[in-house]
Amino acid sequence: MSRTLVHLLRHGEVHNPDGTLYGRLPGYHLATGGRDMAVRVAEHLGGRDIVYIASSPLERALETAEPIAWAFSLEVTIDLRLIEAANQFEGSRFGVGDGALRHPANWWRLRNPTRPSWGEPYLDIARRMMAAVNAGRRAAQGNEAVLVSHQLPIWTLRRFLERRHLWHDPRRRQCGLASLTTLVYDRDRLSGIEYSEPAGPTARDYVSGA
């Protein structure tokens with residue numbers, strides 16, 4: 001009864017043929033492949049002791065949560081703290097290696113990558129995600145919880161818990177589509193962090209709005 005698992009689940013593949021950095025924009029749903037990923041994650045978790053599931057309010061996260069909620073006969077709790085990070089480049093095409101760094105119009109927003117200056121501060125992301133994790137841990141005490149979120153918030157929280165600096169190279173994130181970053185608690189103490197890709201490995205997504 002002292003062991004609690006909190007699974008941080010990144011949503012599945014999104015239908016985004018234009019390659020837009022969609023961030024918090026509405027209307028971005030899972031692609032067919034993303035729905036398949038969500039089902040595979042639900043199957044992977046089958047037989048486990050999942051008693052609580054929460055999700056970011058964005059469509060792609062809620063759609064990823066649905067098969068798990070159905071499998072365990074749970075209601076999905078919408079937790080605003082699990083939402084994607086705010087980003088000033090939202091709605092545009094912007095990613096590592098696409099030439100955006102060469103445009104002078106972008107330089108002011110990119111002036112401080114350690115904060116970062118183009119969006120929600122990393123420390124704010126880590127703190128709100130930690131609050132969501134604590135709520136999930138309390139709700140699932142002695143059992144398991146699933147929190148569906150997004151790549152950057154999950155990776156930022158992991159770096160925060162591992163006591164690493166929060167700024168990082170997006171190409172080095174270990175947080176694939178439909179991946180699970182599992183926080184293992186012994187009572188109230190974090191005793192381990194595990195990572196798995198139950199829906200299979202996916203191509204790395206370098207856009208911090210996924």
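The values are calculated or read from the model by the stated rules, or taken from the named source; none is laboratory data. Just so it is clear, the model here is predicted, and its values are computed rather than measured. Positions of Cβ are backbone-derived with ideal geometry, glycine not excepted, and every protein chain shown enters the neighbour counts. Protein only, heavy atoms only, side chains kept; ligands, DNA and RNA dropped before computing areas. Shrake-Rupley method; radii C 1.70, N 1.55, O 1.52, S 1.80 Å.
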- Message: Through the Karplus equation 6.51 cos²θ - 1.76 cosθ + 1.60, θ set to phi - 60°, convert the phi angles of the range 36-47 into ³J(HN,Hα) values in whole Hz; use x for Gly and Pro.
- Response: 4, 4, 4, 5, 5, 5, 4, 5, 4, 7, x, x
- In the chain, what % of DSSP beta bridges are antiparallel (nearest 5)? 55 percent
- Heavy atoms only, probe 1.4 Å: what % of the accessible area of the chain goes to carbon and sulfur, would you let me know? 51 percent
- Task: Just grab the label-to-label distance for residue 74 and residue 191, each label 7 Å out from Cα along the Cβ direction, in nm (one decimal).
- Result: 2.1 nm
- Query: Rounded, prolate or oblate: which fits the range 3-48, taking a ≥ b ≥ c as square roots of the Cα gyration tensor eigenvalues, rounded meaning a/c under 1.5, else prolate when a/b beats b/c?
  - Reply: oblate
- Item | Long-range amide H partners of residue 148 with built H, under 5 Å | 9, 54, 55, 56
- Note on the structure: Expressed in nanometres to one decimal, the distance between label points 7 Å along Cα→Cβ at residue 15 and residue 29 is 0.5 nm
- Note on the structure: Projected onto the charge dipole of the chain (unit charges on the beta-carbon of Lys, Arg, Asp and Glu, signs +1, +1, -1, -1), the Cα from 174, 201, 114 with the largest positive-side position is that of 114
